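Participant: Encoded as structure tokens, here's the structure I'll be asking about.
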Amino acid sequence: MFSLTASSEPRSESYDTMKLGVIRNSDGTFDLGVGLYIRSERRYYREYQKQFSTYLDALEYLKERVVVYQKANRFHRLQVNISYNLQSPQWECPNSEKGLTTAQAA
């Protein structure tokens, strides 16, 4: 599923924030981007390469992933703040989070 410890650190630190957002690819398709942070510094970023044809399809996938991550967060009693972006994507791939505004996941 996903790792919640930073393996590249000399001492292992846990991620404290996960941000999810829909990203627009240069070919007009959409994907899900997931960033993991330690004290507001991005340490890991991944883009799912599903290439959804519409923003709404990608948004539905984002919602599914938020539920999965929230369940894992509760089950493992992790202290990870999960947030997500519901605005239309205003940035291009790869690895960009320009204009990211987030809403606290319930």
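The values are calculated or read from the model by the stated rules, or taken from the named source; none is laboratory data. Predicted model only: the values in this text are computed from it and were never measured. In this analysis, Cβ positions are derived from the backbone assuming ideal geometry, glycine residues included, and neighbour counts consider all displayed protein chains.
Participant: Do the conditions hold for Ser83, that is, is it surrounded by 11 or more Cβ atoms within 10 Å (Cβ to Cβ), small (Gly, Ala, Ser) and modelled with pLDDT of 90 or more?
Facilitator: The answer is yes for Ser83.
Participant: Can you go through Arg77, Arg65 and tell me which one is at pLDDT 85 or above and not in a loop (DSSP other than H, G, I, E, B)?
Facilitator: Arg65
Participant: Evaluate the following for Tyr44: is it free of Cβ contacts under 8 Å to residues at least 60 places away in the same chain and closer than 19 Å to Gln87 by Cβ? Spell out how you get there, then give the answer.
Facilitator: Details: free of Cβ contacts under 8 Å to residues at least 60 places away in the same chain: yes; closer than 19 Å to Gln87 by Cβ: no.
For Tyr44, the condition - free of Cβ contacts under 8 Å to residues at least 60 places away in the same chain and closer than 19 Å to Gln87 by Cβ - is not met.
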